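*Asks:* Quick one: this structure, given as structure tokens, is what I'll be asking you about.
The values are calculated or read from the model by the stated rules, or taken from the named source; none is laboratory data. None of these values were measured; they are calculated from a predicted model. FYI the Cβ positions are ideal-geometry reconstructions off the backbone, even for glycines, and counts take in every protein chain you see. Side chains included, ligands, DNA and RNA excluded: accessible areas come from the protein's heavy atoms. Shrake-Rupley method; radii C 1.70, N 1.55, O 1.52, S 1.80 Å.
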Amino acid sequence: METKRKGDMKMLKVGVIGCGAIAQRRHLPEYLNRNDVEIVAVCDFNLERAKEVAKQFGAKHAFQTHQELLACEDIEAVSVCAPNFLHASITIESIQAGKHVLCEKPMATNLDEAKSMVDAATEKGVKLMIGHSQRFMPVHIKAKEILDEGKLGRVLSFQTTFGHSGPENWSVDGKSSWFFNQDEAFAGVLGDLGVHKADLIRWLLNDEVSEITAMYGTLHKNTNVDDHAVLAIKTQKGAIGTLTASWTYYPNENNSTIIYCEKGTLKIGTDEQFGLIVEHQNKHRECYELDKIQSNETGGQTNSGIIDHFVEGILNGTGHSVTGDDGYKALEIVLAGINSANQKQTISL
């Protein structure tokens, strides 16, 4: 696929499938902020919404179906921002149409779907990236750099948490959002927030999950999906920790990770001023005043880094660090957590 040029600048022509909150608040604004991207088209089952969004973000076309959008030959790449149960089918159709794909998380509702997405991208020779944005936060990038240096020694344990007050305060559809419908979402908070932390902990620790014991429940929302979940995790290298995801954290969001190592502790997102704190065994503290950790709260919407990485990986031909394989492994952890909770037993991966 030959990338279009505007003067001497490479231009990427994109389409966005689904005009919900993630498209309106992340994908489209971040595409619009780049001078090497042209938003060609958007689509949504709600055509009026698609038209409004197209006008707001300067897209040439507004469609009701993704098939109409994919028929635009000049579109080279798409963001798949549809409900979870459509991720796999739309992604595969997009790949077969020759488009590079950035698919929102979770990439699919089961592992067979996820594998089909990866295989399709490989066969077609296009790029597939999954929207695990936690990796691109400055605090997490710095934390990984410190861990990779090895000065803190081996990771012994960890706790990672992502919780807020729920999709009704985030989704454009409020309490009627598809997030609360199991047929469309397949999982509740584990699929929404837990999958982010599943990817993050794999990446930060450079380690794979080997065992999971989980509990989840619907504590407060009027829904048939989980709104709170806790996973006890053991990794292949022997670290043991917890992953908590919740839609019941009122009023404040918690997006934090603490990693306990042999020679010190990393604290991420635990302090209002310092996004990252390193506490060494000799009591010395390093405090990093990095960009505020991205959140859904007012003033917390910063550049996620996802769109920049997606666009540059295509234009520069370098590819992406969050691949379909990464999405598969994060989904595998979520599904193992669900199975563990349902079966009331430890699941081995």
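Per-residue answers, yes or no, for (1) out of contact with any Cys (no Cβ under 9 Å at 6 or more places or on another chain); (2) acidic (Asp, Glu):
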{"site": "VAL155", "(1), (2)": "no, no"}
{"site": "TRP170", "(1), (2)": "yes, no"}
{"site": "ASP183", "(1), (2)": "yes, yes"}
{"site": "PHE186", "(1), (2)": "yes, no"}
{"site": "ASP192", "(1), (2)": "yes, yes"}
{"site": "TRP203", "(1), (2)": "yes, no"}
{"site": "GLU208", "(1), (2)": "yes, yes"}
{"site": "THR218", "(1), (2)": "yes, no"}
{"site": "THR223", "(1), (2)": "yes, no"}
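*Asks:* Do we have any residue at all in the range 116-139 that's open to solvent by less than 50 Å² (accessible area, probe 1.4 Å), more than 23 Å from ILE92 (Cβ to Cβ) and among the basic types (Lys, Arg)?
*Replies:* Yes.
*Asks:* Residues of the range 161-178 being at positive phi and in contact (Cβ under 8 Å) with a residue 40 or more places away in the chain, which ones?
*Replies:* Kept after step one, since they are at positive phi, are these residues of the range 161-178: 166, 174.
Listed by number, the list holds a single entry, GLY166.
*Asks:* Something else now. For the range 165-180, enumerate the residues that are part of a helix (DSSP H, G or I) and open to solvent by 10 Å² or more (accessible area, probe 1.4 Å).
*Replies:* Within the range 165-180, GLU168, ASN169, GLY174, LYS175, SER176, TRP178, PHE179, PHE180 meet the criteria.
*Asks:* Tell me which of these THR109 doesn't satisfy, since it passes every other one: (1) open to solvent by less than 10 Å² (accessible area, probe 1.4 Å); (2) under 30 Å from ALA336 (Cα atoms); (3) part of a loop (DSSP other than H, G, I, E, B).
*Replies:* (1)
*Asks:* Here are THR244, THR218: which of them is of a type in the set (S, T, N, Q), within 19 Å of LYS344 (Cα to Cα) and in contact with a Leu (Cβ under 9 Å, 6 or more places away or on another chain)?
*Replies:* Numbers: THR218 fails: in contact with a Leu (Cβ under 9 Å, 6 or more places away or on another chain).
None of the other options fit; the residue is THR244.
*Asks:* Within the range 313-349, track down each residue that is over 20 Å from LEU193 (Cα atoms) and of a type in the set (Val, Ile, Thr).
*Replies:* ILE314, THR318, THR346, ILE347
*Asks:* Can you tell me which of ASP326, ASP308 is of a type in the set (D, E, K, R), in contact (Cβ under 8 Å) with a residue 40 or more places away in the chain, assigned to a helix (DSSP H, G or I) and within 28 Å of THR213 (Cα to Cα)?
*Replies:* Matching residue, one of ASP326, ASP308: ASP326.
*Asks:* So which pairs qualify, if the first residue must be in the range 135-158 and on the phi > 0 side of the Ramachandran plot and aromatic (Phe, Trp, Tyr), the second must be open to solvent by less than 50 Å² (accessible area, probe 1.4 Å) and part of a strand (DSSP E or B), the Cβ gap must be under 9 Å, and the two must be at least 6 apart or on different chains?
*Replies:* Hits for this filter: zero, empty list.
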